[in-house]
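Here the structure comes first, spelled out in structure tokens, and everything after it is commentary.
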Amino acid sequence: MSIPEALFIGVLILFAVGLYGLLALRNMIKLIIVLQLLVKGAVLALVAASAIHGRINFGQSLAVTVIAVDTIVAAVGLALAIQVQRHFGTLDVSKLASLKR
Amino acid sequence: MGVFIVLLVMLAACATMAVYASRLVISALWLAGVSVITALLLYEAGATVAAVLELSIGAGLVTVLLMLAISVAGDKLAPSRRVVPRRLAIGMAAAAALAAVTLVFPIPVYDPDVVEPAFGVILWEQRAADVLLQVALIFTGLLTVLGLLAETRAAAAEAQAVSPIAQMHPSLPLISDLPEAWLDASREIEAVPLPEDVLEPEPEPVLEAEPQ
């Protein structure tokens, strides 16, 4: 098993588990955790693709950008989750569509 | 090769437990485990800078943020009705992964002898615009988080405006109109415990009848 193959298998694992979590879970914080799984899969895919082409530095520069932006996404999402919990008293996204403040 | 198999098995276990954990804190800890294994895979692939950042930000900062949010919002997962049935979700995820396998494998072989610039040259010179945009995004996210979490004063004023006491006495000032120093002083007064003799009512004096 070469390094790109191992990385792509890891990408597939994270992609499958993350997609199942997005479809099955309803808790907002849990959804943010699942999104983190998917983004880690994207980071691995970037590095694996750059390793195939022999341009690992370019791949990891893209990965650094993705990691930084993903952290901002997580922070904003968690702040939104806190506000949703304060205003509606629940983190269940399926109930938020039918609730009024 | 054996190292990769062990890491991939641990990656699958941590990711599955992060989804299936019944408590949010446990789920966040499993996510930190996924970050650590991802960092190890990146390190093995030669992406050392990305591995260090993934380890410090993914396993460190994001976990701290998750713990903070869970401590405020609560750790319990309320039972809810599934929009997508579990078997259908598993089937769709497996089908998507199978489609990705057919797209990715077999992995094409390219000429690996490519002369590549250093990481710093790529990041600061070739991708300078991306880095500037990334800095702008970080500040935007920071301001967004501050704006989302700093509305407690406005919420308190709104709650006071609809309270029965405020409706009975409309001349009372709103909390938002008070100086900040007054609010700080009131918080300090609440923090000081009252002495016991204040809490216990004083006995009423017994009046003796005057002799006639």
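Do we have B:V84 as open to solvent by less than 40 Å² (accessible area, probe 1.4 Å), of a type in the set (V, I, T), more than 7 Å from chain A (Cβ to nearest Cβ) and under 33 Å from the mean Cα position of the chain (by Cα) here? Explain how you work it out, then say what you get.
Details: open to solvent by less than 40 Å² (accessible area, probe 1.4 Å): yes; of a type in the set (V, I, T): yes; more than 7 Å from chain A (Cβ to nearest Cβ): no; under 33 Å from the mean Cα position of the chain (by Cα): yes.
No.
Anything in segment B:36-56 that is more than 7 Å from chain A (Cβ to nearest Cβ) and either open to solvent by less than 20 Å² (accessible area, probe 1.4 Å) or more than 18 Å from the chain's Cα centre (by Cα) (or both)? List them, or say none.
B:V36, B:I37, B:A39, B:L40, B:Y43, B:T48, B:A51, B:V52
If I ask for residues that are open to solvent by 90 Å² or more (accessible area, probe 1.4 Å), part of a helix (DSSP H, G or I) and of a type in the set (D, E), which ones from segment B:92-136 would you list?
B:E125
Pairs needed: first member in segment A:6-26, touching a residue at least 60 places away in the same chain (Cβ under 8 Å); second member anywhere, open to solvent by 20 Å² or more (accessible area, probe 1.4 Å); C-beta distance under 6 Å; at least 6 residues apart or different chains.
A:R26/A:V93; A:R26/A:S94; A:R26/B:S80
When you look at A:A74, is it facing chain B (nearest Cβ under 7 Å) and small (G, A, S), yes or no?
yes
Does segment B:48-71 include one or more residues that are modelled with pLDDT under 95, within 21 Å of A:L62 (Cα to Cα) and touching a Gly at 6+ places or on another chain (Cβ under 7 Å)?
no
Take segment A:77-101 and flag every residue that is open to solvent by 60 Å² or more (accessible area, probe 1.4 Å) and within 7 Å of chain B (Cβ to nearest Cβ).
Residue satisfying the conditions is A:L80 alone.
A quick yes/no check of all residues on (1) aliphatic (A, V, I, L, M); (2) more than 16 Å from A:N27 (Cα to Cα):
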{"residue": "B:V3", "(1), (2)": "yes, yes"}
{"residue": "B:L8", "(1), (2)": "yes, yes"}
{"residue": "B:C14", "(1), (2)": "no, yes"}
{"residue": "B:A18", "(1), (2)": "yes, no"}
{"residue": "B:A32", "(1), (2)": "yes, yes"}
{"residue": "B:S35", "(1), (2)": "no, yes"}
{"residue": "B:G46", "(1), (2)": "no, yes"}
{"residue": "B:M67", "(1), (2)": "yes, no"}
{"residue": "B:A73", "(1), (2)": "yes, no"}
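Only one residue in B:L77, B:L65 is within 29 Å of A:T65 (Cα to Cα) and of a type outside the set (G, A, S). Which one?
Values: B:L77 fails: within 29 Å of A:T65 (Cα to Cα).
None of the others qualify; the one that does is B:L65.
Please go through segment B:1-31 and give me each residue that is within 14 Å of B:L66 (Cβ to Cβ) and facing chain A (nearest Cβ under 7 Å), ordered by number. Outline the logic, then answer.
Here is the first cut: in segment B:1-31, the residues within 14 Å of B:L66 (Cβ to Cβ) are B:18, B:21, B:23-31.
B:A18, B:L24, B:S27, B:A28, B:L31 - these are the residues of segment B:1-31 that are within 14 Å of B:L66 (Cβ to Cβ) and facing chain A (nearest Cβ under 7 Å).
The values are calculated or read from the model by the stated rules, or taken from the named source; none is laboratory data. Quantities reported herein were computed from a predicted structural model and do not represent experimental measurements. Note: ideal-geometry Cβ built from the backbone for every residue, glycine included; neighbour counts use all protein chains shown. To get the accessible areas, we keep the full protein, side chains included, count just its heavy atoms, and leave off ligands, DNA and RNA. Shrake-Rupley method; radii C 1.70, N 1.55, O 1.52, S 1.80 Å.
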